[in-house]
Amino acid sequence: MKDSKKDKKKEETLLNKYLAGTASDDELRQLKVLTESSEPLKKDFDNSEKLLRQIADLEMMKLVNTHSAFAKVKDRLKRAQQKKGWFYYWQKTATILLLPLLLLSVLQFFVKSPQQLFKTSAQLVYNDIETPSGLRSVFELPDGTKVWLNGNTKIRYPLAFGGNERKITLEGEAYFKVAHDKRKPFIVDLGELHVQAVGTEFNCLAYKNDNLIETTLTEGSVKISRIQDGFPQGKYMLKPGETLKYEISSNRFVLKDDDIDKHVSWRSGKFVFRNDPLEDVCQKLGRWFNADIKIEDEELKDFSITGTFGDQGLNEILELITITSPINYNMEKREINENNEYETLNVSIQSKRK
């Protein structure tokens, strides 16, 4: 099951890179072998090429001022009809009707690869990458920006950045190493906030339905704006080592110097906690391990946790926490659903005094 999912993910990655024009020679060879041995992948590949060619055709047609062209054609036909007989009139009409078909045939002849289509059509095509709980991924955007995605995260971006900005949307947590381009600022849309940079490194945390959005800057500078009614309202400029926290419910910003490692260590598979409330710790562990961790005693939620955890499982991490904390925990057996997938794990935490 795991190998099947891994192979499927590899196929999707290779196909996306090919369509974006970023595949290496070796990756192109791999894709060729896979398409020859997998009928479903070959079908997806053929459908993608067909769709992109149709988009390119549409974009070319949009460049024509149809109203102006039609008016000129009518005028020319009227004058031709007055000067010539019916045969000349229909000869001209047939030529005009066949012209669009001829243009499309020429376009299809010259456009050999979907990678060439992105000059005119890619701004209309978006890609979604999503990582499930317990997995991380790393990839490059079309402009060369490197992105790390944490578990349970979704990113949406255009296959080519057009216009005067490079804008993507994020739900979850990601680390960005932005390719430098002063002419096109890089913008991360977090819903409530926009983070803007031209060439820098920073971490964004903005999980759906959470009350907290965080941005931590490791290098360079970023501008953060709150978005209200579609427009930016105020801004914060971050310096390296600073974290800006935004509480959505109270509309409150908190800017402070922070331990960068605890915000970006997830890239190497580590959990770093520095006097973090138990409630925040449980939330992060729950996201990563696909677990619903409930704290049954209110007084435990603000209990501070400090520690660094690496390759341990959830059970091992909770065992280590109980050694230095006044807590006990109960973990239910994880069930497998009808799709042969593991259900969310239920964990409860109580005070040792009970």
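The values are calculated or read from the model by the stated rules, or taken from the named source; none is laboratory data. What you are looking at is a predicted structure, and each value in this text was computed from that prediction instead of being measured. Note that each Cβ is placed from the backbone with ideal geometry, even for glycine, and that neighbours are counted across all protein chains shown. Surface accessibility is based on the protein's heavy atoms, side chains included, excluding ligands, DNA and RNA. Shrake-Rupley method; radii C 1.70, N 1.55, O 1.52, S 1.80 Å.
Side notes on the structure shown:
- Meets criteria (surrounded by 14 or more Cβ atoms within 10 Å (Cβ to Cβ), touching a helix residue (DSSP H, G or I) at 6+ places or on another chain (Cβ under 6 Å) and among the aliphatic types (A, V, I, L, M)) for L318: no
- Against the list (1) open to solvent by 20 Å² or more (accessible area, probe 1.4 Å); (2) closer than 30 Å to T344 by Cα, the condition L149 fails is (1).
- Matching entry among I293, I305 (being in contact with a Cys (Cβ under 8 Å, 6 or more places away or on another chain), open to solvent by less than 40 Å² (accessible area, probe 1.4 Å), among the β-branched types (V, I, T) and part of a strand (DSSP E or B)): I293
- The conditions of being over 15 Å from the mean Cα position of the chain (by Cα), at negative phi and either modelled with pLDDT of 95 or more or in a loop (DSSP other than H, G, I, E, B) (or both) are met by G162.
- In the stretch 309-321, the count of residues that are in a strand (DSSP E or B) and farther than 15 Å from I349 by Cα is one or more.
- Any chance N346 is part of a strand (DSSP E or B), over 28 Å from T131 (Cα atoms) and open to solvent by 30 Å² or more (accessible area, probe 1.4 Å): no
- Selection from the stretch 139-150 of residues that are touching a Lys or Arg at 6+ places or on another chain (Cβ under 6 Å) and among the small types (G, A, S): none
- When we screen E219, E247 for residues that are open to solvent by less than 60 Å² (accessible area, probe 1.4 Å) and either basic (K, R) or at pLDDT 90 or above (or both), the only hit is E247.
- Count - residues of the stretch 266-283 that are surrounded by 18 or more Cβ atoms within 10 Å (Cβ to Cβ) and assigned to a helix (DSSP H, G or I): 4
- Of residues in the stretch 165-181 being of a type in the set (A, V, I, L, M) and part of a strand (DSSP E or B), the one surrounded by the fewest Cβ atoms within 10 Å (Cβ to Cβ): I168
- Qualifying residue in the stretch 188-196 (condition: in contact (Cβ under 8 Å) with a residue 12 or more places away in the chain, in contact with a helix residue (DSSP H, G or I) (Cβ under 9 Å, 6 or more places away or on another chain), open to solvent by 20 Å² or more (accessible area, probe 1.4 Å) and closer than 30 Å to L285 by Cα): no
- Within the stretch 327-343, none of the residues are touching a residue at least 24 places away in the same chain (Cβ under 8 Å), buried (at least 18 other Cβ atoms within 10 Å of the Cβ) and under 29 Å from A174 (Cα atoms).
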